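The structure under discussion appears below in the form of structure tokens.
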Amino acid sequence: MRSNTVQLSFSPNATMTGTAVLTSAPVTLDQIYGFAIQAFWTGTPTGTLKLQVSCDAPVGTTQTSNGGPDSITNWTDLASSSQAVGGINSYVWNINGSFYRYVRVVYTNATGTGSLNAQICLKGV
């Protein structure tokens, strides 16, 4: 089984402040059976992290396409993936049997400030 670790980038940036909503770039899960995402942060933010997934078909396939990783239109919150941020400085999701096409991390800040980083470890064929 092959594996790879990728640093996630956030838009607009990784600064947790005010009521900012930070969204990572989507990660394509073609040929991936499972993955782990580790989010870690500095400072004293209070907010919520969650995973969103999509089954939109990639551009250029014979399937009905809703876009590629940069133009996905249908995102759904992954059940039970919501995690409160505050008092701890990291969290890990471990997902087996990831049968959707894309995944991303979303953080919504409530109070405080900090800097968010995340990486994904992918395992597949």
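Observations, loosely collected:
- A Cβ distance below 8 Å, combined with a sequence gap of six or more or placement on separate chains, defines the contacts here; from the stretch 22-40, residues that are over 16 Å from S81 (Cβ atoms) reach residues that are charged (D, E, K, R) and not in a strand (DSSP E or B) in the pairs T28/R101; D30/R101.
- Count - residues of the stretch 40-80 that are hydroxyl-bearing (S, T, Y) and either at positive phi or at pLDDT 85 or above (or both): 7
- Residue in the stretch 93-103 that is nearest to the chain's Cα centre (by Cα), counting only those that are at pLDDT 95 or above and surrounded by 12 or more Cβ atoms within 10 Å (Cβ to Cβ): V103
The values are calculated or read from the model by the stated rules, or taken from the named source; none is laboratory data. These numbers come from a predicted model, not from an experiment. We place every Cβ from the backbone using ideal geometry, glycine too, and count neighbours over all the protein chains shown.
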